[in-house]
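Colleague: Next up is a structure, given as structure tokens.
Quick note: the coordinates plus some simple rules give every number you see, no bench work behind them. Keep in mind it's a predicted model, so treat the numbers as computed, not measured.
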Amino acid sequence: MMLLALVYAIVIPSIGKTRVQAAVHNSTQTVISTISLSKAAAVRFGRPAVLHIDAYRDEMWVEVDTTVAGTGAADTLGFFSFAEQLDVNLESNRATLCFDGRGIGVTRAVCPDAGAAIIVSLHGKADTVFVSRVGRVVTR
């Protein structure tokens with residue numbers, strides 16, 4: 001019985017750490033995928049795409065005009081809630097990122113600054129995704 005208690009005392013904390021690391025890693029990959037989706041949507045439709053980052057509600061989504069005529073009616077693509085689905089915190093120094101029809105980061109009225117640092121964290125474990133001014137993604 002003591003041996004079993006000792007094994008549990010060793011194994012249970014490492015399982016918790018592994019779960020936290022996996023959640024942060026999965027969330028980081030989701031951030032990268034959402035950035036890629038916004039760049040791909042901009043290229044696909046040949047129009048600017050806006051990546052919205054709501055750090056208060058831990059959400060990200062992409063808006064792009066998908067109409068043939070380019071009327072300016074934006075559709076929402078790739079909505080993801082980090083708090084509800086992966087139970088992690090999302091922080092960013094930008095609320096929006098814009099990508100032009102070539103998938104390159106640009107500044108517009110809704111995106112006053114290009115580039116961002118997006119931090120995904122849970123219980124002291126954090127990963128950072130950096131987006132350069134032209135849209136290159138680097139993780140740390």
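Colleague: Taking the 0 to 90 degree range and rounding to the nearest ten, how far is the long axis of helix 2-45 tilted relative to the main principal axis of the chain, both from C-alpha atoms?
Modeller: 10
Colleague: Amide H of Leu77 versus every other amide H placed in the peptide plane: which residues, excluding those fewer than 5 positions away on the same chain, fall under 5 Å?
Modeller: For Leu77, whose amide H was placed from the backbone, the distant partners under 5 Å are Val62, Glu63, Val64.
Colleague: Right, something else. Which whole-Hz couplings ³J(HN,Hα) result when phi for each residue of the stretch 113-120 is put into the Karplus expression 6.51 cos²θ - 1.76 cosθ + 1.60, θ = phi - 60°, listed in order with x for Gly and Pro?
Modeller: After applying 6.51 cos²θ - 1.76 cosθ + 1.60, I find 10, 9, x, 7, 10, 10, 10, 10 Hz.
Colleague: While we're on this one: Springs between alpha-carbon atoms under 10 Å, Gaussian network over the chain: tell me which of Asp113, Asp65, Asp75 tops the mean-square fluctuations.
Modeller: Evaluated over the chain, the most mobile residue of the options is Asp75.
Colleague: Identify which of Thr76, Thr67, Thr34 has the largest mean-square fluctuation in a Gaussian network model of the chain, with springs joining Cα atoms closer than 10 Å.
Modeller: Fluctuation is largest for Thr67.
Colleague: Pick out which of Val62, Val31, Val129 has the largest mean-square fluctuation in a Gaussian network model of the chain, springs linking Cα atoms closer than 10 Å.
Modeller: The residue with the greatest mean-square fluctuation here is Val129.
Colleague: Could I ask something else about it? When a/c is below 1.5 the answer is rounded, else prolate if a/b is larger than b/c, else oblate, so apply that to the stretch 11-63 with a ≥ b ≥ c taken from the square roots of the Cα gyration tensor eigenvalues. Show your work: numbers first, answer last.
Modeller: Numbers: a/c = 7.42, a/b = 2.64, b/c = 2.81.
Cα axes put the stretch 11-63 in the oblate bin.
Colleague: Further, regarding this structure: Using only DSSP helix segments of four residues or longer, with each worth -39500 (n - 2.57), what per-residue ellipticity at 222 nm results for the chain after dividing by its residue count and rounding to 500? Mind showing how you got there, number by number?
Modeller: Details: 2 runs with 48 residues, N = 140.
After summing the helix terms and dividing by the residues of the chain, the value is -12000 deg cm²/dmol.
Colleague: State whether the stretch 46-114 is rounded, prolate or oblate according to the following rule on the C-alpha gyration tensor (a ≥ b ≥ c being the square roots of its eigenvalues): a/c under 1.5 gives rounded; otherwise a/b larger than b/c gives prolate, and the remaining case gives oblate.
Modeller: Values: a/c = 2.78, a/b = 1.60, b/c = 1.74.
It comes out oblate by the Cα gyration axes.
Colleague: On the principal axes of its Cα set, how long, how wide and how thick is the chain? Give whole Å, largest value first.
Modeller: On the principal axes, the chain reaches 72, 25, 23 Å in Cα extent.
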